[in-house]
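Undergrad: Okay, here's the structure, questions in a sec.
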Amino acid sequence: MSGELLAVAEEAARAAGALLAERFVVGAGAVHSKSTPTDLASEADLAAEATIRDVLAVRRPDDAILAEEGGGDDPAPGQVRWVVDPLDGTINFLFGVPIWCVSVAATLDGETLAGIVFDPNRDELFAASEDGPATLNGRPLEPRDASSLSEALLATGFGYASEVRAKQAAALAELLPHVRDVRRGGSAALDLAWVAAGRYDLYYERGPMPWDLAAGSLLCRRVGLVVEDLPDRDDVPYGVAAGRANLVDALRTFRL
């Protein structure tokens, strides 16, 4: 079943990606705030999500959907649920920064069966299924093998609320001297895909949502990396860390 789901995920992601690529050139349309004034969504987000829903309505009409803009219902036991971020990296998109993607994953009873992260800017399709390899445009992914945290190129992200960002900045300031360097791309799904592809060694972030993580986490796991929870604490939300086990273990020694 995972092969069929992967094909549907690719069709949906490519359709949304084509729409977004056009909007990236001509403009995103009206913009509105969500959780905070810095948490934005646009007509492009909504149109991309509608495109994905249209594909799923034809290909998988009996499945449930959880999507960033339109929400969703809890699936029934044994019912496939699609976890969708139609535009991960909206702020980049709105500012003309070409680091954003479409993330589409199929889950069953809480486990991800298939996932696609599609980057239209580079025409890069990251794909994985529960029983197959993780690939980039059909070629197997291979993560890097940094032996210590001091060699690791770390990717991270920040929350939208200023009080959360302040705590994240303090934690990162403590960690920064102990890693090779830090990157903040602005798309959690791409960060995870790039860890799986060996472009980064390690990723952690507090505050990402299920639609940010579902497909990218599967990519990491299918190349032998670990994806671990960071429980919420001190008014800092739940997070995840992904990378080789030795690096994630070393990361956990810091108060992230």
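Quick note: the coordinates plus some simple rules give every number you see, no bench work behind them. Worth saying up front: this structure is predicted, and the values here are computed from it rather than measured. Cβ sites come from the backbone with ideal geometry, for glycine too, and all protein chains shown count toward neighbours.
Undergrad: With a cut-off of at most 13 other beta carbons within 10 Å, and DSSP calling the residue loop, which trypsin sites (Lys or Arg not before Pro) in the stretch 149-225 qualify? Please list them.
TA: Sites meeting the loop and neighbour criteria: Arg184.
Undergrad: Let me ask another. If packing is taken as the mean number of other Cβ atoms within 10 Å per residue, what is the order of 113-122, 13-22, 187-196, highest first? Provide the component values of the computation, followed by the final result.
TA: Working: 113-122: 25.3, 13-22: 20.9, 187-196: 30.0.
Peptide ranking by packing, descending: 187-196, 113-122, 13-22.
Undergrad: For the stretch 232-252 and the stretch 100-170, what is the separation of their C-alpha centers, rounded to whole Å?
TA: 15
Undergrad: As a test, work out the antiparallel percent of DSSP beta bridges whose residues both lie in the chain, rounded to the nearest 5.
TA: 80
Undergrad: Let me ask something else about it. Under 15 Å from the Cβ of His178, count the other residues' Cβ atoms, weight Lys and Arg +1, Asp and Glu -1, and hand me the total.
TA: -2
Undergrad: Also: What angle do you read, to the nearest 10 degrees and between 0 and 90, between the alpha-carbon axis of helix 210-222 and the longest principal axis of the chain?
TA: Long axis of 210-222 versus the principal axis of the chain: about 70 degrees.
Undergrad: Follow-up question, since we're still on this one. For the chain, what does the convex hull of the Cα positions come to per residue, in cubic angstrom?
TA: 118
Undergrad: Here is a further query. Please state the shape class of the stretch 149-251: rounded when a/c is under 1.5, otherwise prolate if a/b exceeds b/c and oblate if not, all from the C-alpha gyration tensor.
TA: Judged from the Cα gyration tensor, the stretch 149-251 comes out oblate (a/c at least 1.5, b/c at or above a/b).
Undergrad: Can you tell me the orientation of helix 43-59 relative to the chain, as the angle in degrees between its alpha-carbon axis and the longest Cα principal axis, to the nearest 10?
TA: Long axis of 43-59 versus the principal axis of the chain: about 60 degrees.
Undergrad: Still on this structure: Around Pro75, what is the net charge, scoring Lys/Arg as +1 and Asp/Glu as -1 over all other residues with Cβ under 13 Å from its Cβ?
TA: -4
Undergrad: Can you sort Thr51, Thr90 from fewest to most other Cβ atoms within 10 Å of each residue's own Cβ?
TA: The fewest-first ordering by Cβ neighbours comes to Thr51, Thr90.
Undergrad: For the chain, with only Lys/Arg (+1) and Asp/Glu (-1) charged at the beta-carbon, what is the dipole magnitude about the Cα centre, in debye rounded to 20? Show your work: numbers first, answer last.
TA: Working: 23 positive and 40 negative charges, 145 e Å.
For this selection, approximately 700 debye.
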